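Please read the structure below before turning to the comments.
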Amino acid sequence: MPKNEYKKIKDRFKDNEFIDKNRPLTFLERLYFVEIIRGLAVTIRHFLYNLFNFSKLPTIEYPEKKREIPAAFRGRHRLTKRPDGSPRCVACFLCATACPANCIHIEAGEYKDGNPNEKYPVQYEIDMLRCVFCGLCVEACPCDAIRMDTGEYDLADYKREDLIFTKEKLMGEYPPVANRGDAFDAAAFNAARSNGEKPSDNAEAGEGK
Amino acid sequence: MFIEQYISTYVFKTVYLPVMIKVILAVAFPLVVLSAIPILVWMERRGAGLIQDRMGPNRSNILGYNFLGLLHPINDAIKMVMKETLTPARAKVLFYYLAPALVVIPAIMSFAVIPVAAPVEIEGVKIPFQVATIDSGLLYIFAISSLGVYGIMMAGWASGNKFSMLGGIRSASQMLSYEIILGLSLVTLFMIYSEVEPASIVEAQGALMFSFIPKWGIFLSPVAFFLFITAAFAECNRTPFDLPEADSEIVAGYHLEYGGMKFAMFMMAEYLSIITMSAIVTTMFFGGYQVPFLPTAALQSLAGPFIAPFIQIAAFSVKTLFFIWLYIWARWTLPRFRYDQVMKLCYLRLFPIALANIFITALIVLMLNK
């Protein structure tokens with residue numbers, strides 16, 4: 001860019017801060033050599049700092065250590081239980097309807113023993129290969145029966161069949177999440193959101209941290 | 001004592017022993033230089049990690065000890081050797097297999113004339129620490145190292161791949177162009193020291209000028225040093241001049257179609273030429289094996305003829321390692337040049353500077369000799 005033209009543009013921006021990308025290079029910069037040495041100084045500064053502060057590197061050595069996940073993190077699903085151990089799910093199909101990936105497969109059944117809940121899922125399968133972890137099923141559920149608060153996200157396996165999670169697997173134990181952050185209180189949040197509309201017998205539902 | 005008599009004979013002392021020493025050196029030099037390659041790979045990968053605020057490779061271990069990541073190059077080597085040998089369908093088979101060897105051999109050969117310590121005399125037997133003392137000295141290095149271009153061109157052409165071809169062509173023109181700068185920058189030193197034999201040049205660099213600065217090439221001809229180091233980067237196909245293998249443009253250039261150990265040989269050649277170039281920079285501009293302020297004669301009388309060579313080898317290694325580190329350091333600092341910029345830099349900037357440098361130095365040398 002010619003110098004006078006450059007000056008015109010600079011005058012126009014006089015009052016505002018702007019990043020000066022069109023500034024003509026100074027002689028030292030055009031020599032390139034000084035700038036190389038400045039660049040080398042930057043990299044060696046990083047090198048020496050990291051060499052003597054190796055433990056301060058931001059790297060998390062993954063399989064051994066895991067990143068602290070926020071409390072609202074959407075991990076793999078689980079089906080919550082009633083105090084007697086039966087699933088909270090009433091097989092209303094709202095989650096399967098809400099699911100954009102069509103990965104929830106439910107087969108409904110009826111309680112024959114006069115249970116006031118009337119319906120229960122005979123089969124409840126989530127195809128983890130299809131799931132996009134959007135959380136719409138959790139939002140759709142009227143009974144707080146499905147949650148994504150296990151904190152598990154590394155679901156790799158050797159066989160496709162093993163990644164279709166059955167009802168038993170979804171209701172089973174999940175390892176306690178040791179690295180969960182406590183910046184966000186999921187229980188308080190859920191309580192405020194549900195506004196007392198949900199069933200109150202959540203003694204077992206795995207509230208809190 | 002028959003054995004004592006045999007040992008002291010003229011033939012044994014002047015023919016057998018020197019030949020034996022040379023053979024030992026000729027075996028030891030390539031071995032040491034080749035075994036330095038894994039360490040360079042380690043330096044590069046670990047250094048890159050630290051420069052970029054990463055940890056670098058630290059996974060491979062023996063019983064839980066990762067030895068700072070030093071096992072990774074060994075793992076790499078095992079992997080490379082075990083790989084299947086593939087020949088591309090369009091390859092020209094003979095040249096395809098010949099090319100990796102043609103790249104590696106000159107890279108090892110050119111180290112032969114570099115002295116790593118001053119010769120010592122023990123009981124009348126002179127032990128040189130230089131495989132070959134050739135009068136043409138550095139001219140030999142230039143002759144041999146330019147042979148490496150053939151290997152790269154051959155690899156690019158014989159692979160039968162357009163990207164390889166482009167890489168080979170780029171490499172050929174770049175290396176030929178920068179060889180001019182490489183040679184011209186050293187001409188000033190040849191004039192100043194009136195020598196082309198590396199060992200003599202290093203000896204001349206041991207003295208002091210104005211009684212406090214060593215007579216190193218960098219102090220006598222700083223312009224030549226900057227020219228040489230720039231050309232040396234281009235000659236080794238290293239960043240910022242790594243156009244022959246520019247991954248983002250031509251995938252991997254000339255070694256695109258090579259896999260397994262054949263690819264490893266190209267990598268070895270690259271690291272070997274880095275070692276050689278660093279050794280030449282050390283020898284020509286930084287006093288070679290000379291310990292600063294301690295010329296060979298003083299060191300030998302101080303430490304004795306047995307220990308002095310080891311001190312000098314250590315000094316040489318430290319200096320060379322610094323320049324090897326400079327290669328790695330610059331690689332993670334500078335972005336790649338564009339191809340026309342590389343050529344412009346060579347012919348329009350460096351070439352005139354090199355010529356002017358020779359001219360001015362020649363005038364000074366001529367005036368002083370009058």
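Laid out as a table, the results:
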quantity: Residues being surrounded by 14 or more Cβ atoms within 10 Å (Cβ to Cβ), farther than 28 Å from B:MET43 by Cβ and of a type in the set (Phe, Trp, Tyr) - total across the range B:334-370; calculated: 2
quantity: The range B:228-252, residues that are part of a helix (DSSP H, G or I) and more than 16 Å from the chain's Cα centre (by Cα); calculated: B:LEU243, B:PRO244, B:GLU245, B:ASP247, B:SER248, B:GLU249, B:ILE250
quantity: Output for the range B:120-150, where each listed residue is out of contact with any Leu (no Cβ under 8 Å at 6 or more places or on another chain), modelled with pLDDT of 85 or more and of a type outside the set (A, V, I, L, M); calculated: B:TYR140
quantity: Check on B:SER173, closer than 29 Å to B:LEU25 by Cβ and either modelled with pLDDT of 85 or more or among the polar types (S, T, N, Q) (or both); calculated: no
quantity: Among residues of the range B:305-333, those that are crowded, with 20+ Cβ neighbours inside 10 Å, more than 14 Å from chain A (Cβ to nearest Cβ) and within 17 Å of the chain's Cα centre (by Cα), counted; calculated: 5
quantity: Hey, B:LYS22 more than 14 Å from chain A (Cβ to nearest Cβ), in contact with a Gly (Cβ under 7 Å, 6 or more places away or on another chain) and in a helix (DSSP H, G or I) or not; calculated: no
quantity: Qualifying residue in the range B:51-60 (condition: within 26 Å of B:ARG331 (Cα to Cα) and in a helix (DSSP H, G or I)); calculated: yes
quantity: Residue that is farthest from A:ALA41 (Cα to Cα), among those in the range B:334-344 that are within 14 Å of another protein chain (Cβ to nearest Cβ) and in contact (Cβ under 8 Å) with a residue 40 or more places away in the chain; calculated: B:VAL342
quantity: Complete set of residues in the range B:108-163 that are surrounded by fewer than 19 Cβ atoms within 10 Å (Cβ to Cβ), closer than 15 Å to B:LEU25 by Cα and hydroxyl-bearing (Ser, Thr, Tyr); calculated: B:THR133
quantity: The range B:266-285, residues that are of a type outside the set (S, T, N, Q) and either under 15 Å from B:ILE313 (Cβ atoms) or in a strand (DSSP E or B) (or both); calculated: B:ILE275, B:ALA279
quantity: Residue satisfying all of: in the range B:279-304; crowded, with 24+ Cβ neighbours inside 10 Å and among the hydroxyl-bearing types (Ser, Thr, Tyr); modelled with the lowest pLDDT among these; calculated: B:TYR289
quantity: Top-ranked residue of the range A:115-168 - restricted to ones that are hydrophobic (A, V, I, L, M, F, W, C) and within 14 Å of A:PRO87 (Cα to Cα), ranked as surrounded by the fewest Cβ atoms within 10 Å (Cβ to Cβ); calculated: A:VAL122
quantity: Count - residues of the range B:148-183 that are over 17 Å from B:ALA269 (Cβ atoms) and of a type in the set (S, T, N, Q); calculated: 3
quantity: Search result, residues across the range B:62-71 that are more than 12 Å from chain A (Cβ to nearest Cβ) and not in a helix (DSSP H, G or I); calculated: B:ILE62, B:LEU63, B:TYR65, B:LEU70
quantity: Options A:GLU107, A:GLU125, A:GLU118; residue that is of a type in the set (Asp, Glu), away from chain B (no Cβ under 14 Å) and free of Cβ contacts under 8 Å to residues at least 24 places away in the same chain; calculated: A:GLU107
quantity: The range A:43-74: number of residues that are more than 31 Å from the chain's Cα centre (by Cα), within 8 Å of another protein chain (Cβ to nearest Cβ) and either among the aromatic types (Phe, Trp, Tyr) or surrounded by fewer than 10 Cβ atoms within 10 Å (Cβ to Cβ) (or both); calculated: 1
quantity: Scan of the range B:188-227 for residues that are touching a residue at least 24 places away in the same chain (Cβ under 8 Å) and within 14 Å of chain A (Cβ to nearest Cβ), ordered by number; calculated: B:VAL223, B:PHE225, B:LEU227
quantity: Residue match in the range B:38-61 (condition: loosely packed, with under 15 Cβ neighbours inside 10 Å, out of contact with any Ser or Thr (no Cβ under 7 Å at 6 or more places or on another chain), at pLDDT below 85 and away from every other protein chain (no Cβ under 14 Å)); calculated: no
quantity: Flag if B:MET1 is surrounded by fewer than 11 Cβ atoms within 10 Å (Cβ to Cβ), over 25 Å from B:VAL104 (Cβ atoms) and either without any contact (Cβ under 8 Å) to a residue 12 or more places away in the chain or of a type in the set (Phe, Trp, Tyr) (or both); calculated: yes
quantity: Residues (without any contact (Cβ under 8 Å) to a residue 40 or more places away in the chain and at positive phi) located in the range B:291-317; calculated: B:GLY304
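Every residue, every condition in (1) more than 18 Å from the chain's Cα centre (by Cα); (2) at pLDDT 90 or above, yes or no:
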position	(1), (2)
A:PRO83	yes, no
A:PRO87	yes, no
A:ALA98	yes, yes
A:ALA101	no, yes
A:TYR111	yes, no
A:LYS119	yes, no
A:PHE133	no, yes
A:VAL138	no, yes
A:THR150	no, no
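The values are calculated or read from the model by the stated rules, or taken from the named source; none is laboratory data. All of these numbers come straight from a predicted model, not from anything done at the bench. Note that we place each Cβ from the backbone using ideal geometry, even for glycine, and neighbour counts take in every protein chain shown.
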